[in-house]
Amino acid sequence: MLMTPEVWEVVWLSLKVTTTAILLGSLIGIPLGACLGLYSFPGKRLVIVLIYTCMGLPPVLVGVIVYLLLSRYGPLGSLGLLFTPEAMMLAQVVLVTPILAGLSLSAVQAKERAYWETAKSLGASPLQLVFTIVKEARKGIWAGVAAAYGRAISEVGAVMLVGGNIEHHTRVMTTAIILETRMGNFTAGLQMGLVLLLISFLFNSFLVIGVLNQLKTGRR
Amino acid sequence: MKRLYVSFFAAVLSLLLAACSQEPSAATQSSQQPPAGNQQQATAAEPRQPAAPESKPSESSAKEIVLATTTSTQDSGLLDVMLPAFEQKSGIKVKVVAVGTGQAIKLGEDGNADVLLVHSRKAEDEFVSKGFGTDAYDVMYNQFYIVGPADDPAGAKTAKTAAEAFALIAEKKAPFISRGDDSGTDKKEKSIWKEAKLTPEGDWYLSSGQGMGATLQMADEKNAYTLTDEATYLSRKLNLQVVMQGDQSLLNPYGIIKVKSTSKPDEAMQFIQFFTGEEGQKIIGEFGKDKYGKGLFVPSAKKR
Amino acid sequence: MNKLKLSDLEVAYRGKTVLRVDKAVFEHRKIYGIVGPSGSGKSTLLRAMTLLEQPAAGRMDVFGTVVDLSSLTHAKGLPLQRRIGYVPQKPTMFDSTVFDNVALGLRYRGTDRTAIRSLVTEALELVELGHTAKQRAHTLSGGEAQRIALARVLVYQPDLLFLDEPTANLDPYHIAIFERVLKAIQQTRDITILIVTHNLQQARRLTDECLFIHKGRIVENGSTEAFFTRPKSPELQDFLCGRMIY
């Protein structure tokens, strides 16, 4: 196999889809988790239980739901999004948002109430307060982002269903591995798997280095 | 590659087993015997262990073979009828690995299957000529359809041959979904393109890299044409219509081959004989009549 | 109108009233000491006035603006919140530089960059810690952190400054600096200061008036001089002599 243009294309699409999904998911999930961690309101327990449940959503189920939504005969069929990279991004957003929300929630809750009180007493508006606490809980949230990224990029069931594994169009690393394996090219599948592993390794190294630096300067 | 894994896992497993079986006995014996004697016994017991499974195969594990086949035989339900009949008759259990033809053949090459039931004549012949298989038989054939949207935008219905239909689709650049997974159906499709002297390329030609069911679904969603086997097509309720059938190049013969390196040649042969024999051929011919009004496979047993 | 008035304040935990203040008036530009035994409700009073503790009832009149403390939401209380500076006993520093910590209040208020720079520098000079601006806040010593916490609120020039035992964990050297800074603020700024303290000598040194809180009630209040030399209530007399058992 080696790094032929086709392989690069697949790797690039994987990165593009997952990175976009993580960015969008973070935009929703992190503030949501932080708000849940900071404010109480009726029904909060239920929302938290729901989020924790959704953290373990089987990807294939997410795939089926998104598929049915986007299908030509489904409610959003007119958008013509099925079997496009956008559909894969959507499925991954659904997949990672609860993870990001749940892990942000626990990261924010792990920060003592004193941080919350300090920010409030200094005159933070509700929005500024959320922002400050998220910034303060950034290490825990980064870990959440890394976990979500790993889960999204290595996921295969949902992207296969809604993306369709179309060559040059929606074929990503995991679906390519499945295809290679089904065609009996175990070696090619394994090589692609190694690329996947390498990317996860690089990505997590960046995160770990970042967190370690934080720890070094943060400790007395 | 796969063989390496298997042997690696086997090694790890046997190590674990050895450790588990050794420790308790060592613990109970150490109170009665001096430690030196205990050690000796443990090491002496070890070489005997691998011998144990060898004495057993005739009783249990020999009565089990692995069939590597294409998803179509499994998905159509044919095996659900054939295998119980065979198992009842012979007492041999069949484990089915349903994969693409490419992977099925690879499983045979690696010795991970005992019998292949596949449909890609060229790959089958290669498999035999390379010395991986013996006793190859024709078993049956089924039909391929070219299916597409009801309004037939490429006018493929007017074509007289499959190659002509493909040429019309390519000319109109009507969307076409290829399986692109090196399966028997995929190989058939590629051969028809070759027959039409065309290289399909462009936005209209999509390679799904998925199974037949998923590919049909995708064709339905995208209002596209595709090549499908009869069984999968009939078992799905979709808005796709048949635009071409019956052409000689749309026939799809299945072959059954014994893997040369199999450790159970007799059982494998029994299985092949059942499929190509009178009883098996009858079941094949009857299969699907009750549900679809016509048989999905046409029996055609013949030694190659 | 230059008065901070508190009326009918009641704070309860799980149905049990822990603090009841019928009426309290604080005049502008004065320093008030709040003393009393541990667990008497001093900190609770300060936290209720800082809007960190939601009381069951209570109104606060801040220079003519009246708010109902029991129904105040975060958003509605924001204008008042931004006039208050609060320094807790153990200040919490955010994980960034000293400069960023001190600048936080101004950033919340949308102050522009150049103004922030000069105001923060000024506040750091005021607490005699100008050299620590680029240091990580977590590396400050207890005494330094306490003064940074003071600078962090002074920087946005609050009308009200509430201090909750700000020197309880400090050594005499740092206490002296802290008190010196506080005196300077009181003389130069238009500000009302409330300080909860265990340190009776400190209360005597710093304050104009004192309140004695015991068992959730204000038992006695008056000018610091009279408070310490001519206590009227038996509870305060006991407390000042160190005879109070609590």
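The values are calculated or read from the model by the stated rules, or taken from the named source; none is laboratory data. Since the model is a prediction, treat every value here as computed from it, not as a measurement. Backbone-built Cβ (ideal geometry, glycine too); neighbour counts: all protein chains shown. For accessibility, only protein heavy atoms count, side chains too; no ligands or nucleic acids. Shrake-Rupley method; radii C 1.70, N 1.55, O 1.52, S 1.80 Å.
Here are some notes:
- The range B:116-163 and the range B:84-102: distance between their alpha carbon centers, rounded to Å: 22 Å
- Atom-type composition of the exposed protein surface of the range C:86-157 places 51 percent of the accessible area on carbon and sulfur (1.4 angstrom probe).
- Tail beyond 22 Å, pair distance distribution of the range C:121-233 (Cα, percent): 38 percent
- Cβ-placed point charges (K, R +1; D, E -1), dipole of the range C:86-157 about Cα centre in debye, nearest 20: 160 debye
- DSSP beta bridge pairing in the range B:143-250, given as percent antiparallel to the nearest 5: 60 percent
- Threshold 50 Å², the range A:148-183 residues less accessible with all protein chains present than alone (1.4 Å probe): A:Ile166, A:Arg182, A:Met183
- Stretch gain in nm, segment C:Asp61-C:Ala75, where the contour uses 0.36 nm per residue and the Cα spacing is subtracted: 3.2 nm
- Positive-end residue of A:Leu179, A:Leu95, A:Leu38, charge dipole of the range A:5-215 with Cβ unit charges: A:Leu38
- Among the listed pairs B:Lys160/B:Lys260; B:Lys89/B:Lys260; B:Lys106/B:Lys172; A:Lys16/B:Lys187; B:Lys237/B:Lys258; B:Lys122/B:Lys264, those beyond 30 Å (Cα-Cα): B:Lys160/B:Lys260; B:Lys106/B:Lys172; A:Lys16/B:Lys187; B:Lys237/B:Lys258
- The mean sequence distance of close C-alpha pairs (under 8 Å, at least 6 residues apart), as a share of the length of chain C, puts its relative contact order at 26 percent.
- Qualifying GluC sites (Glu not before Pro) in the range C:40-142, DSSP loop, other Cβ atoms within 10 Å at most 15: C:Glu128
- Proximal aspartates and glutamates to B:Lys190, defined as alpha-carbon separation beneath 12 angstrom and excluding residues fewer than eight positions away on the same chain: B:Asp181, B:Asp182
- For chain A, built as a Gaussian network whose Cα springs stay under 10 Å, the top-fluctuating residue of A:Leu194, A:Leu207, A:Leu81: A:Leu194
- Shape category assigned to the range B:143-250 from the gyration tensor of Cα positions, a/c cut at 1.5: rounded
- Chain A - percent of accessible surface contributed by carbon and sulfur, probe 1.4 Å: 74 percent
- Residues of the range C:28-64 buried by at least 20 Å² on assembly (accessible area, 1.4 Å probe, chain alone as reference): C:Arg47, C:Leu52
- Buried between A and C is an accessible area of approximately 2300 Å², summed over both sides with a 1.4 Å probe.
- Partners of C:Lys30 within straight-line reach, counting lysines whose Cα lies under 29 Å from its Cα and excluding those fewer than 8 residues away in the same chain: A:Lys120, C:Lys3, C:Lys5, C:Lys42, C:Lys76, C:Lys90, C:Lys183, C:Lys215, C:Lys232.
- Under-5 Å amide H pairs with C:Glu220, H placed in peptide plane, nonlocal only: C:Phe212
- Cα centroid separation, the range C:153-197 to the range B:248-301 (Å): 94 Å
- Computed extension gain for C:Arg204 through C:Arg113, at 0.36 nm per residue and net of the alpha carbon distance, reaches 28.7 nm.
- Bridges between two residues of the protein assembly as shown, per DSSP, are antiparallel at a rate of about 60%.
- Assigned charges on the beta-carbon of Lys, Arg, Asp, Glu; the range A:5-215 dipole about Cα centre (debye): 600 debye
- Shape category assigned to the range A:40-79 from the gyration tensor of Cα positions, a/c cut at 1.5: oblate
- Spin-label model, C:Glu122/B:Asn223: points 7 Å from Cα along the beta carbon direction are separated by 7.0 nm.
- Cα gyration tensor category, rounded, prolate or oblate, for the range C:55-214 with a/c compared to 1.5: oblate
- Computed over the alpha-carbon atoms, chain A gives an Rg to Rh ratio of 1.04, Rh here being the Kirkwood radius from the mean inverse distance.
- Both the radius of gyration and Dmax for the protein assembly as shown are 39.6, 122 Å, in that order, over alpha-carbon atoms.
- Distance between the range A:44-116 and the range A:164-196 - C-alpha centres, whole angstrom: 25 Å
- Amide H contacts of B:Ser120 (H built 1.01 Å from N, under 5 Å, at least 5 apart or other chain): B:Gly255
- Estimated [θ] at 222 nm from DSSP helical runs (n ≥ 4, -39500 (n - 2.57)) normalised by residues in chain C, nearest 500: -11000 deg cm²/dmol
- Choice from C:Leu46, C:Leu206, C:Leu140 showing the highest fluctuation, given a GNM over chain C with Cα pairs closer than 10 Å: C:Leu140
- Residue-normalised accessible area of the protein assembly as shown, expressed per residue, 1.4 Å probe, Å²: 47 Å²
- Hydrodynamic radius (Kirkwood) for the range C:86-157, which is based on Cα pairs only, to one decimal in Å: 11.7 Å
- FRET E, pair C:Asp190, C:Ala12, Förster distance 35 Å, beta-carbon r, rounded to 0.05: 0.50
- Area hidden from solvent between B and A (accessible, protein heavy atoms only, 1.4 Å, total, Å²): 2000 Å²
- Within the range A:187-204, the residues that become at least 10 Å² less accessible when every protein chain is included than when their own chain is isolated (1.4 Å probe; DNA, RNA and ligands ignored) are A:Thr187, A:Leu190.
- Springs join every pair of Cα atoms under 10 Å in this Gaussian network model of chain A, and among A:Ile166, A:Ile209, A:Ile30 the largest mean-square fluctuation is at A:Ile209.
- Nitroxide proxy distance, nm - points 7 Å out along Cα→Cβ at B:Ala85 and A:Arg151: 4.8 nm
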